[in-house]
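Peer 1: Got a structure for you, written out below as structure tokens; questions coming shortly.
The values are calculated or read from the model by the stated rules, or taken from the named source; none is laboratory data. Source: prediction; values computed, not measured. Glycine gets a Cβ as well: all are built from the backbone with ideal geometry, and neighbour counts include every protein chain shown.
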Amino acid sequence: MPFFCGIVHQHPGGTLAKAGWGWPLSRVEVREKDVHAYTPVLLGRWTLDVPHVEINEAVVRRHRWGGKVVLRRNDGDVILSTMGGNFTRIGSLLREKGIRVTGDQS
């Protein structure tokens with residue numbers, strides 16, 4: 001089941017190490033072996049696959065309008081921003097896959 005998200009892919013050591021690069025109108029799917037992020041139609045198709053084994057931890061944070069899930073990994077964090085409660089559903093799916101999930105999920 002795809003979730004509508006904004007995605008920021010941070011690149012450690014690069015010129016955008018602190019800011020990252022964002023795709024605001026993206027989709028995320030938590031699949032059996034990875035997290036698949038993609039843009040459906042914007043200016044070409046962009047994809048990012050993050051294997052579960054690369055994720056050190058998923059940090060879930062609530063915001064006034066929704067929340068975010070930060071996938072902590074050695075190759076740069078991936079931040080998934082959602083509207084409403086989808087961030088908690090993504091956190092639950094990641095936990096079911098055996099990934100350590102921390103943060104505010106209430």
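Every residue, every condition in (1) exposed (fewer than 15 other Cβ atoms within 10 Å of the Cβ); (2) modelled with pLDDT of 90 or more; (3) not basic (Lys, Arg), yes or no:
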{"residue": "Cys5", "(1), (2), (3)": "no, no, yes"}
{"residue": "Trp23", "(1), (2), (3)": "no, no, yes"}
{"residue": "Val30", "(1), (2), (3)": "no, yes, yes"}
{"residue": "Val41", "(1), (2), (3)": "yes, no, yes"}
{"residue": "Thr47", "(1), (2), (3)": "yes, no, yes"}
{"residue": "Trp65", "(1), (2), (3)": "yes, no, yes"}
{"residue": "Arg72", "(1), (2), (3)": "no, yes, no"}
{"residue": "Asp75", "(1), (2), (3)": "yes, no, yes"}
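Peer 1: Pull up region 74-106, narrow it to residues that are out of contact with any Pro (no Cβ under 9 Å at 6 or more places or on another chain) and among the hydroxyl-bearing types (Ser, Thr, Tyr), then point me to the one that is farthest from His9 (Cα to Cα).
Peer 2: The extreme case among them is Ser106.
Peer 1: Please go through region 7-18 and give me each residue that is modelled with pLDDT under 65 and either charged (D, E, K, R) or within 15 Å of the chain's Cα centre (by Cα) (or both), ordered by number.
Peer 2: Initially, region 7-18 is screened for residues modelled with pLDDT under 65, giving 14-18.
If the condition is that a residue be modelled with pLDDT under 65 and either charged (D, E, K, R) or within 15 Å of the chain's Cα centre (by Cα) (or both), then Lys18 is the only one that fits.
Peer 1: Picking from Asn56, Asn86, which residue would you name as being of a type in the set (S, T, N, Q), surrounded by 18 or more Cβ atoms within 10 Å (Cβ to Cβ) and at pLDDT 90 or above? Lay out the reasoning, then the answer.
Peer 2: Working: Asn56 fails: surrounded by 18 or more Cβ atoms within 10 Å (Cβ to Cβ).
Going through Asn56, Asn86 in turn, the sole match is Asn86.
Peer 1: Right, next: Would you check which residues across region 61-73 are under 17 Å from Gln10 (Cα atoms) and touching a Phe, Trp or Tyr at 6+ places or on another chain (Cβ under 9 Å) and list them?
Peer 2: Of all residues in region 61-73, those under 17 Å from Gln10 (Cα atoms) come to 68-73.
Matches in region 61-73: Lys68, Val69.
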